[in-house]
Amino acid sequence: MKMDIHQILKRLPHRYPILLVDRVLELEVGKRIRALKNVSVNEHFFEGHFPQRPVMPGVLMLEALAQAAALLSFETLDIKPDDKTVYYFAGIDGARFKRPVEPGDQLILDVEVSRMKASIWKFNAKALVGEELAVEAELMLAMRRLD
């Protein structure tokens, strides 16, 4: 399964400047997702994150992976988020940053479900630029309904 930006906008509550997934390249329901984030020099965070040699903040790389994981979760459960559904970080383990991500890079987001129990999901996640590993981590995310 693939998704363009219009389909992503229907499935994620995030909007500019925090929407960090541009396209879904592959999605296997209940298993894995491969998505794309085009990193542009026009991104707001580059103004202050090492303006002399801009790099994408590591926390935003993790956020991009979490957004890809959320897309996978919503498709797996066959639900669309609404104003009462939120998806929170519950934990990040073993995060390792291996390569800086710079303007002009394409960040490939690879996320696999490792465990799902009730509304808590665990994922093995990594992001690459070309064949080079940029970041890897184990993500734990929790889906909650707001009252």
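For the reader, a short list of remarks on this structure follows.
- Angle of helix 58-77 to the longest C-alpha principal axis of the chain, folded into 0 to 90 degrees and rounded to 10: 30°.
- If you count Lys pairs in region 5-145 whose Cα atoms are under 28 Å apart, skipping same-chain pairs closer than 8 places in sequence, the total is 26.
- Value of D in µm² per second that Stokes-Einstein yields for region 14-68, Kirkwood Rh from Cα pairs, at 4 °C (1.567 mPa s): 105
- Entry note, the chain: relative contact order of 25 percent, from Cα contacts under 8 Å with a spacing of 6+ residues.
- If R0 equals 25 Å, the separation of the Cβ atoms of VAL29 and LEU133 corresponds to a calculated FRET efficiency of about 0.45.
- Residue with peak Gaussian network fluctuation, the chain [Cα springs, cutoff 10 Å], from ALA35, ALA125, ALA137: ALA137
- For LEU9, LEU20, LEU146, order by how many other beta-carbon atoms lie within 10 Å, fewest first: LEU146, LEU9, LEU20
- Counted charge near VAL129, where neighbours are those whose Cβ lies closer than 9 Å (Asp, Glu -1; Lys, Arg +1): -3
Read the figures in this text as sums done on the coordinates, not as results from a lab. Computed from a predicted model, the values in this text were never measured in an experiment. Glycine also receives a Cβ, built like all others from the backbone with ideal geometry; neighbour counts cover every protein chain displayed.
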